[in-house]
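A quick write-up on the structure given underneath.
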Amino acid sequence: MIDTIKKDFNHFLYNSLNDPQRSAVLHKEKAQQIIAGAGSGKTRVITSRIAHLVINENINPRSIVALTFTNKAAGEMKERLIHTFQSHYKLPFIGTFHSYCLLLLRTNATLLASPNFSILDADDQEDLIKSIMKKYALAKHVTASQIVYQISQYKNKSFVNDKSIKADLQFAPLMKDVYLEYESEKARSHALDFDDLILQILQLLTTNEAFKLSFQKKIRHILVDEYQDTSHVQHSLLRAMALEPASTKDSAPNKLAIDSLCAVGDEDQSIYSWRGATVANMLKFQQDFAPVTIVKIEQNYRSAQPILEAANQVIANNRLRNPKNLWSTRSAKNRILHLYSTSGDHEAKAISTLIKCAPKKKRSDIAILYRTHFQSRSIEESLIHHAIPYKIVGGIRFYERKEIKDLLAYLRLVINPYDKISLLRIINTPSRGLGAKFEEQLLIAWNRNPLFDFIQLLTWMTTDPDGGVTGNKKIAVQDFLKLYTGLEQNQHPSKTLDFIVNEIAYLSYLNDNYDPREAQDKVENVQEFMQAVIVFEQKHANSLLDKTNTVEINTNVLEAFLHEVALLQEKIEEDSPTERIHMMTLHAAKGLEFDTVIMSGLEEGLLPSSKSLNTNEALEEERRLMYVGMTRAKEHLILSSAQSRVTFGQFSDQVISRFVSEIPKGLMQTIDLDEVPIAQAIKFFEQWIGGTSSASFQPSQLPGHMTAPTANPYSAHSASAPSKTVRPATSRPTVPSKPSVSKASSSVPWIKNQTVHHEKFGTGIIVEVQRADDSDFYITALFSAGKKKVLSRFLEKKSF
DNA sequence: CCCTTACGTGTTTTT
DNA sequence: CACGTAAGGG
């Protein structure tokens with residue numbers, strides 16, 4: 001059997017991979033960097049390399065680690081390897097940086113100050129910061145989430161080898177206090193945030209030589225996916241994992257301590273800089289792990305040629321990149337369609353209509369992508385209306401729902417009785433008469449007894465004369481404590497959860513506190529959650545016997561569940577048999593591919609996001625997002641924009657994304673659904689997506705629109721480019737593709753969030769635009785002096 | 001202490 | 001619009 005697997009794999013290796021791919025798989029020297037364009041088969045290369053090491057080189061899978069950025073990417077790689085290995089080989093560890101560090105923390109719990117730690121998600125972090133802000137009266141100008149973000153930025157960027165984490169705080173004075181308080185509260189609660197998971201392991205590797213040596217004795221091969229998305233800290237972590245102890249210092253020559261190191265990346269797909277990722281790590285990798293063999297893979301197997309060509313043209317507008325030549329032999333025609341609708345709802349309807357024109361077997365391989373989660377809602381409604389099954393990937397995450405987090409908090413306290421965040425969350429949920437006043441008392445008591453766990457603390461509060469809790473409150477607290485003393489630690493978290501839900505009458509709490517529809521939803525979520533715990537329990541029990549299990553950790557099942565859930569956004573679910581459309585953000589789509597990709601909301605302010613209009617760096621990242629989205633498509637790419645959209649409950653006019661106008665007109669057909677009768681559009685959809693797949697939209701079918709398309713005065717491309725697009729004479733506003741060309745600024749429409757300059761008011765940001773007359777607009781803009789409404793002729797656009 | 005109502009305020013992207 | 005926070009009455 002193993003011989004068959006080996007034969008099959010080698011047949012694949014020598015017949016199905018191209019030369020650069022194969023050389024990357026077979027590479028024997030120590031460090032290697034693979035520069036792989038979109039769709040060039042980089043996941044394939046990584047998984048094949050792992051398979052090659054295990055199957056042909058007889059490397060122990062346990063000595064191989066593959067690090068990815070998202071759980072999804074990891075899942076995909078695992079699946080492919082399981083397929084190759086047919087369960088005759090063990091799987092190596094494949095997972096995110098965070099989950100690998102968590103695993104290391106758990107397997108080395110004895111080295112930790114508190115082995116039973118909780119993991120804080122963004123929500124918990126915010127709660128904690130809010131409570132600290134109260135103390136410092138820091139409310140007005142910053143929000144808790146901004147502080148959380150800043151702290152994370154600091155942790156990801158500022159950590160330098162060998163320096164203490166807290167050594168060079170660069171926060172404003174008050175921020176520094178908040179940060180330090182945050183860190184100490186976290187320590188007291190025996191809790192770690194996501195960034196800590198990585199920093200803790202980095203600390204261990206750099207300060208504990210025995211730990212490092214035993215790590216390197218065990219782990220001999222490391223592979224990293226999406227290197228362009230690594231942060232400073234993650235790069236340092238890799239150095240610490242892979243280099244000789246002496247060479248962790250910057251001055252000493254670097255010597256690889258492991259047998260092979262392989263990183264894959266593509267600078268054009270760097271879309272996580274907001275989370276501390278830096279493309280510069282691609283170069284740093286070449287320096288720090290020198291000598292590095294560089295392999296470039298530039299053949300794209302995924303996309304039909306016009307799609308790739310269009311994506312190449314778009315990304316070519318980025319200045320901060322090295323040009324590359326991604327090519328495809330999959331020639332085709334008419335693969336890109338631009339849908340122009342009148343409103344967001346209209347867009348949603350158009351998308352549903354289009355999907356209904358696709359043959360059934362194509363349905364499951366359609367993805368709808370958008371920039372932000374909230375954009376999914378109108379589309380969802382329309383899909384439901386048209387009875388099209390869909391699946392949202394990573395939306396409002398299951399484990400972040402209020403009702404689930406409440407129950408998780410109860411469970412977390414079982415494992416970690418120091419978890420202050422969880423205690424504060426549920427001490428009065430459901431309400432048991434322990435409100436704001438009690439919370440105050442609790443915090444005071446906690447400060448007096450910093451080392452108490454919650455049982456000791458609550459006991460102290462109700463029994464000590466200084467505790468200050470009497471009467472009804474005392475009874476309520478005692479009842480709460482009784483709940484926990486009634487819990488038995490066992491190997492069945494589902495029973496523990498069951499007990500809690502019953503004991504606190506959680507379902508009736510939900511029914512009493514939410515209106516029927518909402519309550520019903522929440523009750524169902526709770527039931528699903530309880531089911532997920534059971535599923536986990538069984539999986540866990542099996543994996544202790546199963547040899548595909550990566551590492552055995554002797555641990556409490558509940559603890560394992562909580563840790564798994566902390567890093568997981570999706571709920572644990574069995575694959576559903578129905579074919580469903582996939583919906584997800586552009587970020588979530590990275591690394592995936594679909595037959596048909598529908599990108600919705602391609603408008604200024606959405607993509608590019610209004611938050612990214614101020615710097616060129618941010619704008620270029622938005623363009624990379626556009627690029628990532630486009631290159632997900634294999635056969636058909638639909639770009640969709642709407643003329644107006646409801647934002648904050650108000651209609652606002654939208655402008656087609658500049659990225660759309662960066663696509664050469666000859667590669668894209670446009671259908672303006674305000675002009676084209678729906679029956680005609682449907683007829684075209686059926687031919688295009690359902691039939692010949694290269695159908696072209698015939699302008700001649702359009703009575704009344706026989707005239708040659710009018711050049712778009714706003715579009716830099718359109719002046720003389722031959723075009724088969726159907727554009728009504730009343731041309732839609734588009735942004736020039738090169739924003740820095742401000743010569744034509746008088747003809748360019750004024751856009752919300754544009755930065756402008758006024759002689760008297762200084763620099764401001766546009767919040768509203770109204771037409772004044774043929775040549776002028778009333779612009780409402782936010783200056784440092786406040787909101788002002790001025791005529792556009794007194795304003796000057798500022799571009800960066 | 002809890003519930004209701006009235007504002008007002010603000011939406012990237014993920015581990 | 002839709003959420004979360006601030007203020008007031010029961």
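Side notes on the structure shown:
- Estimated FRET transfer efficiency when R0 is 30 angstrom, pair residue A:615-residue A:135 (beta carbons, to 0.05): 0.30
- Modelled this way, with points 7 Å down the Cα-to-C-beta line, the labels at residue A:507 and residue A:286 are 6.2 nm from one another.
- Take the Cα of residue A:686, go 7 Å toward its beta carbon, and the backbone nitrogen atoms of the range A:344-359 under 18 Å from that spot belong to A:350-359.
- Rounded to the nearest 0.05, the FRET efficiency derived from the C-beta distance between residue A:146 and residue A:431 at R0 = 35 Å is 0.70.
- Label zone at residue A:296 (point 7 Å along Cα-to-Cβ), backbone N below 18 Å, the range A:228-243: A:228
- Residue A:16-residue A:79 pseudo-label distance in nm [points 7 Å out on the Cα-to-Cβ vector]: 1.5
- Computed over the range A:313-458, the P(r) tail beyond 20 angstrom holds 70 percent of alpha carbon pairs.
- Projecting the Cα atoms of A:444, A:506, A:496 onto the dipole axis of the range A:440-530, where Lys and Arg carry +1 and Asp and Glu carry -1 at the beta carbon, places A:444 farthest toward the positive end.
- Whichever aspartates and glutamates have a C-alpha closer than 17 Å to that of residue A:634, once near sequence neighbours (fewer than 8 apart) are set aside: A:298, A:309, A:365, A:593, A:595
- Measuring between alpha carbons in the structure, the pairs from A:356/A:522; A:90/A:255; A:296/A:611; A:420/A:474; A:30/A:157 lying more than 22 angstrom apart are A:356/A:522; A:90/A:255; A:296/A:611; A:30/A:157.
- Distance (nanometres) between label positions extended 7 Å along Cα→Cβ at residue A:451 and residue A:514: 4.2
- A dipole drawn for the range A:243-322 from +1 and -1 charges on Cβ atoms has a positive end, and of A:291, A:254, A:276 the residue lying farthest that way is A:276.
- Per-residue extension of 0.36 nm, minus the Cα-Cα distance of residue A:568 and residue A:791, leaves a gain of 75.2 nm for this segment.
- Estimated at 0.36 nm per residue, the fully extended path between residue A:648 and residue A:400 surpasses their Cα-Cα distance by 86.9 nm.
- Once the chain from residue A:332 to residue A:209 is taken as fully extended at 0.36 nm per residue, the excess over their C-alpha distance is 38.5 nm.
- On the beta carbon distance between residue A:244 and residue A:527, with R0 = 41 Å, the FRET formula returns roughly 0.15.
Bear in mind that the values in this text are calculations on the coordinates, not laboratory data. On a predicted model such as this, the values are computed, not experimentally measured, just so you know. Cβ sites come from the backbone with ideal geometry, for glycine too, and all protein chains shown count toward neighbours.
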